[in-house]
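Presented below is the structure to which this report refers.
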Amino acid sequence: MDMIDLQLYLESGILELYVLDDLSPAERLEVEAMIVKYPILKDELFEIEACLENFANLNASNPAAHLEDITINSILKSENEQFDDLSNLPLIHKFSDFSKWQNLVNNTDIPAFEYGKAVKILRQDERVCQMLVVSMTDIEQETHKNEHESFLILEGECKCVVGEEIRFMKAGDFMPIPLHTLHHVEVLSERVTAILQHVAV
């Protein structure tokens with residue numbers, strides 16, 4: 001894995017999910033294997049842990065609003081999310097600012113619907129594929145073994161079934177899909193708009 005791939009791995013948000021204990025056992029083992037293989041990831045992990053601990057301490061003592069905002073922005077790295085270049089969009093993650101993605105979508109032409117879905121590729125390279133998906137029909141069951149899938153809901157409501165887990169989602173919700181896990185989505189509103197992301201393993 002070269003430096004570009006490592007940067008993509010860092011931007012995927014998987015280390016933040018590891019620190020927050022929001023990964024499956026298999027995904028935790030994968031992260032731990034990556035940390036052993038690439039020691040630089042351990043430094044990033046310590047930085048994330050320190051940042052989250054600092055935020056928790058500040059929040060517990062009711063800091064001034066501007067200090068809380070600064071800390072939150074640091075954690076979420078929202079200042080790094082740039083949307084002026086469609087060929088180099090940021091990766092979505094648990095802390096993504098969905099309103100920025102909504103603004104992007106509002107200025108994007110949506111293709112014609114086919115079989116109840118409209119799909120527009122926003123970014124595609126060797127490691128990352130990001131798509132705008134607008135669906136009025138359920139998303140069929142599938143599984144992935146060579147890419148991390150995740151999605152960020154921008155509009156509408158749906159039920160996401162991942163393995164044995166059922167989660168009801170709305171605008172602003174993010175869902176990472178574990179590898180080798182069957183999943184499908186049931187549309188509960190008139191339609192659902194989302195950013196769908198695939199990052200190669």
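Would you check if there is a residue in region 97-112 being closer than 26 Å to LEU6 by Cα, in contact with a Leu (Cβ under 9 Å, 6 or more places away or on another chain) and not hydrophobic (A, V, I, L, M, F, W, C)?
yes
Please indicate, with yes or no, whether at least one residue in region 144-154 is farther than 19 Å from PHE95 by Cβ and in contact with a Lys or Arg (Cβ under 7 Å, 6 or more places away or on another chain).
Looking through region 144-154, none of the residues is farther than 19 Å from PHE95 by Cβ and in contact with a Lys or Arg (Cβ under 7 Å, 6 or more places away or on another chain).
Of the conditions (1) in contact with a His (Cβ under 8 Å, 6 or more places away or on another chain); (2) within 19 Å of THR181 (Cβ to Cβ), LEU152 fails just one. Which one is it?
For LEU152, the exception is condition (1).
Kindly state which helices (runs of 4 or more DSSP H) lie completely within region 1-97 and contain at least 3 residues that are at pLDDT 75 or above.
Passing ranges, in order: 3-11, 14-19, 25-37, 40-60.
Does ILE166 meet the test of being more than 23 Å from PRO25 (Cα to Cα), modelled with pLDDT of 90 or more and in a strand (DSSP E or B)?
Here the answer is no, as ILE166 does not meet what is asked.
For GLU155, which of the numbered conditions (1) within 13 Å of the chain's Cα centre (by Cα); (2) buried (at least 16 other Cβ atoms within 10 Å of the Cβ); (3) touching a residue at least 24 places away in the same chain (Cβ under 8 Å) fails to hold?
So the condition that GLU155 fails would be (1).
Could you pull out the residue among HIS180, HIS148 that is out of contact with any Phe, Trp or Tyr (no Cβ under 8 Å at 6 or more places or on another chain), loosely packed, with under 14 Cβ neighbours inside 10 Å and touching a residue at least 60 places away in the same chain (Cβ under 8 Å)?
Unique residue meeting the criteria: HIS180.
Looking at region 98-119 only, could you name the residues that are among the acidic types (Asp, Glu) and either in a loop (DSSP other than H, G, I, E, B) or not assigned by TED's automatic domain parsing to the domain that holds PHE174 (or both)?
ASP109
Do we find that VAL161 is assigned by TED's automatic domain parsing to the domain that holds TYR115 and either without any contact (Cβ under 8 Å) to a residue 24 or more places away in the chain or in contact with a Phe, Trp or Tyr (Cβ under 9 Å, 6 or more places away or on another chain) (or both) in this structure?
So VAL161 does not fit the description; no.
The values are calculated or read from the model by the stated rules, or taken from the named source; none is laboratory data. Please read all numbers here as calculations on a predicted model, not as lab measurements. As a convention, Cβ positions derive from the backbone with ideal geometry for all residues, glycine included, and neighbour counts pool all protein chains shown.
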